[in-house]
Every structure is written in structure tokens, then in C-alpha cells.
Amino acid sequence: MTKKICPAAAIRGVVQLPGDKSISHRYAMIGAIAEGATRIRNYSAGADCHSTLDCIRALGIKVAGEGTEFTIEGRGLDGLRQPVRDLDAGNSGSTIRMLSGILAAQPFPSRIGGDESLSRRPMQRIMQPLAAMGASIRAREDKFPPLEIQGGALRPIDYEMPVPSAQVKTCVLFAGLYADGETSVTEPVRSRDHTEIALREFGAPVTVAGRKITVAGRPRLEARDVTVPSDLSSAAFFLEAALLIPGSRLSIPGVGLNPTRSALLDFLGGMGARIRLPQVESSSGELVGEIVVEHSDLTGGVIEGGLTAALIDEIPVLAVLGAATRDGLLVKDASELRIKETDRIRTICDNLRRMGVAVEEHADGLAVGGRQKFHAAELDSFGDHRIAMAFAVAALAADGESVIHGADAASVSFPRFWDTLAAVT
């Protein structure tokens, strides 16, 4: 799909955003191995999260509902059934990486793969700890999907992660649910903790000591009624559009404000963003609140170290915003971006240059100079949802009509993105 985008006079109104992808995945997977009917409201409408639902259905779990409300009839830790076909994770790295931790403990073999893009994404980071727990996993060229998993009894481990990844952490903790004893994961820097919160909510004993997370094996997980907060990563595109376009003021209610995710708000605030949180409350262990944002003159900044891990999903749109700040944006320690749905460092730089924005591409990041203007251009999503949405924001600030090819990629995480954007411009 090709989308034409005209410059925006302002971004104004109230935006209702879809449920958080990260939390939706976790609630669905944990619900499948809990006992009883888990009811999930505001489940993400994105294709990735529906890949997770399709996979748990294929494992013998009854899933009822439509739209954003689903009921998952959990069958307990030992209730999954051998699938009669390959499990299809679609484009979802979250699905294949996290679900593999559960599959590794099942008393049957399974095979899980995905689309062409997912089939190019390396899986050694989950294969290594699962092998240490006793799992047998084969992969194409020993690293790429599909994964052939011969499930069986697992042993607990104390795993020190070489690279921060909430997906890898979740994979190991999910596998640890099936091991006799305590499984621990120590992170080099703190990553998003939705798994720890959700496991506690469903009844698993989880302890956190600094950067070490421990789960006790063989807990009795109990079904819950849960509501998924709106996705802060989706909110990022609208927040930054409002910050970028003069005269803008936007309200976004019901957004997840988990402290391991809210680094985005802290980072923007440090650059001078006018952002308020007039209402904050707790829901199923997650902080949720309203965000109000107004156009602001921003200084620029540096993203490196632990901050890079915390902002990894938002870097495409932050790179766009960085070009309009006073001092620009420097991104370091972000080599993980090269193995996302696309090589995001390359695709960000490619599209910025098409718009006349000067940017330096580095092996592990990029540098965008400040005080730059966006020129109308033909842009490409390269099949990546975050690239499509990030450059929709850039197009709103351009000096004429821009075109985005492959705009339908946004549906992976935000099926109504284009309608929602049109409603506030």
C-alpha cells in the first residue's frame, strides 16, 4: 500500500491507542498455561499478537472472542497438546522467542517458524540458555528459524545474559516454570519487566534482587481477568508528532507507564518536552495513566548504554525528532537494531537522506545533526512497521506531500494507525 501524507498544521485532540503488544503476548501465553479462563480486554489488534493467539490455538488451547477482547481457556502447565502442523509466528520475534521457552518443556516435538523477515533473524540468544537447561533445538544453519524443538524435562539454571533482551529473559523464565528448582536470569542492564509483573499476577513466585530475577519451578498459575494498557511505543509516534509540529496539543489516555518503559518520557522531558501526567493508577500490577503533550523546542540528546536498551523500539522515531532539535541526536550501542524486522539503522538513514536530512551511519548507531528541515520525498517502509510510522511523523513536518511505499506494514502493531493519525491532523 502506498500512502500520501501532506504537511500538518497541528496535531490536536484525544488519541485512543491499541493495547500494548508486549503485555498482550505475555498475557496470552501465560493464560494458556494457567488453570481456568483468562479474560483479556484491550488485547493488541496487531498482527504479531494474533500470531501468538494462532500458535496457542494450535497447541490445543481454546481462544474465544474478537476485536480486542478474548477469553483463553487455560489447561495448566501440562495441558498443551502436540500441534498437528508447524507453528507460524508470522513476523513476530516476540512470539517465537518467548513461546520457545514453553515449547522446550513439553513432552512432544514442535516446529516453529515465520515469514521471510523472521526467518532471517538469529535465534542463538534463546537457543543457548535453553540448551543449558537440557532442551534440544535445531535451527537452519544452527541459528535461523524455523526451530525444531524436542521438548522434555528441563533443569534450572542461573543464567547471566550477555546482552539485555526482555524477550530472551522471558524465554528463560517461561522455561524455568517447568524446571524443578529455581531458575534465575541476571541482566547486564534492567529491561522491561512485564513478564515478572504478569507472572506474579497469575500466581507464580517471582523474586527480584537488583538485576537478578528468579522464578520457582512448577507453580500453580491461576486464570485472571486483565486489561492491557495502551501501548507507550505506539504513543511515541503521536507524542513526537505533537512535539515536532507547532501549535500541537494532544491527550492520550490509558497508556502503560511501566517504569522500565517510561524512559521515553524521561528522555523527552530531559530535552525540554512539555509533557504532563495528570492521572496515574495501577491496573493488574502495571501503572497506567493519561499523557498530555504540547509542541516544544527541544535541545537534543545522546542515547547510549542502558538507555539504548530501554529505548530500542522508539529509536526510529526519535531519530526523526532529533533532526528538528537544537543539538541533534546521537545513538550508540544499538547494534541490535540491525537484526530487527529490517536493518533499522540502515533504513532510518536511507529515509532521512531521501528527505534531505544529514545523518551519519555508524556500526552500532547513528548521528543526526540538529536544526534540519524535512523535504517532501518518496519514502519506503522496507516492510517494517516502526519505519513506516516513524516516517509518517517526518512527512507531517515536510515542506510538501510525501509518499510512503509499503505503508501497510504499520498493521503489524497498529492496524488503525493511518486512520488514527488522520483524526488528529
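Among Asp419, Asp20, Asp384, sorting on how many other beta-carbon atoms sit within 10 Å of each Cβ, with the fewest leading, yields Asp419, Asp384, Asp20. In straight-distance terms, cross-link reach from Lys62 covers every one of the lysines whose alpha-carbon lies under 26 Å from its own, apart from those fewer than eight places away in the same chain; here that gives Lys21. Counting only DSSP beta bridges with both residues in the chain, the antiparallel share comes to about 75 percent. Rg/Rh, computed from the Cα trace of segment 308-425 with Rh as the Kirkwood radius, has the value 0.94.
For the residues Val14, Val255, Val393, a GNM of the chain with alpha-carbon springs under 10 Å puts the largest fluctuation on Val14. Here the Gaussian network model covers the chain, with springs between Cα atoms less than 10 Å apart; of Thr95, Thr183, Thr260, Thr260 fluctuates the most.
Modelled label positions at Lys143 and Arg218, each set 7 Å beyond Cα in the direction of Cβ, lie 3.8 nm from each other. Measuring spread by the Cα atoms of segment 21-227 yields a radius of gyration and Dmax of 15.3, 42 Å. When the trypsin sites (Lys or Arg not before Pro) in segment 179-220 are filtered for DSSP coil states and for at most 13 other beta-carbon atoms within 10 Å of their beta-carbon, the remaining sites are Arg220.
Sorted ascending by nearby beta carbons within 10 Å, beginning with the fewest, Arg97, Arg249 become Arg249, Arg97.
The angle separating the long axis of helix 93-103 from the principal Cα axis of greatest extent in the chain is about 10 degrees. In the chain, once you exclude exposed GluC sites (Glu not before Pro) (DSSP loop, at most 12 other Cβ within 10 angstrom), what's the longest stretch remaining? Longest gap between qualifying sites, sites excluded: 142-400.
Residue separation of Ala358 and Glu304 scaled by 0.36 nm, minus their Cα-Cα distance, works out to 17.4 nm of gained length.
The lysines within cross-link reach of Lys212, meaning a Cα-to-Cα straight distance under 24 Å and a gap of 8 or more places when in the same chain, are Lys169. Report the full-extension gain for the segment Ala9 to Ser335: residue separation times 0.36 nm, less the Cα-Cα distance, to one decimal in nm. Difference between extended and current length: 113.8 nm. Cut-off under 28 Å on the C-alpha distance; same-chain residues fewer than 8 positions from Lys373 excluded. Which lysines are left, in chain and number order? The reachable lysines, counting only those whose Cα sits under 28 Å from Lys373, are Lys3, Lys4, Lys332, Lys340. Label-to-label distance for Arg274 and Arg111 is 5.8 nm, based on points extended 7 Å past Cα in the beta-carbon direction.
Against the main long axis of the alpha-carbon atoms of the chain, helix 47-58 sits at an angle near 10°.
Using a cutoff of 8 angstrom between alpha carbon atoms and counting only pairs six or more residues apart, the relative contact order for segment 21-227 works out to 21 percent.
Note on the chain: with a GNM built from Cα contacts shorter than 10 Å, the maximum mean-square fluctuation among Val163, Val320, Val228 falls on Val163. Across segment 121-176, the fraction of Cα-Cα pairs farther apart than 17 Å, rounded to a whole number, is 33%. So for the chain, taking the charge dipole from beta-carbon charges (+1 Lys/Arg, -1 Asp/Glu), which of Pro7, Ala319, Val189 sits furthest toward the positive end? Selected residue: Val189. Pairs of Cα atoms nearer than 8 Å and 6+ residues apart set the relative contact order; for the chain it is 18 percent. In the chain, the calculated helix contribution to ellipticity at 222 nm averages -9000 deg cm²/dmol per residue, counting -39,500 (n - 2.57) for every DSSP H run with n ≥ 4.
Using 1/(1 + (r/R0)^6) with R0 = 35 angstrom and r between the beta carbons of Ala64 and Asp297, what's the FRET efficiency to the nearest 0.05? Mind showing how you got there, number by number?
Numbers: r = 50 Å, r/R0 = 1.43.
That pair, Ala64 with Asp297, gives E of 0.10.
If you place +1 on the Cβ of every Lys and Arg, -1 on the Cβ of every Asp and Glu, and leave all else neutral, what size is the dipole of segment 159-278 about its Cα centre, to the nearest 20 Debye? Each step should come with its number before you reach the end.
Details: 13 positive and 12 negative charges, 59 e Å.
The calculation lands at about 280 debye.
Average projection, convex hull of the Cα set of the chain: 17.7 square nanometres.
Taken together, the values in this text are just the output of simple stated rules run on the coordinates, not laboratory data. It should be emphasised that the depicted structure is a prediction, and the values quoted were computed from it without experimental measurement. All Cβ positions, glycine included, derive from the backbone under ideal geometry; neighbour counts span all protein chains shown.
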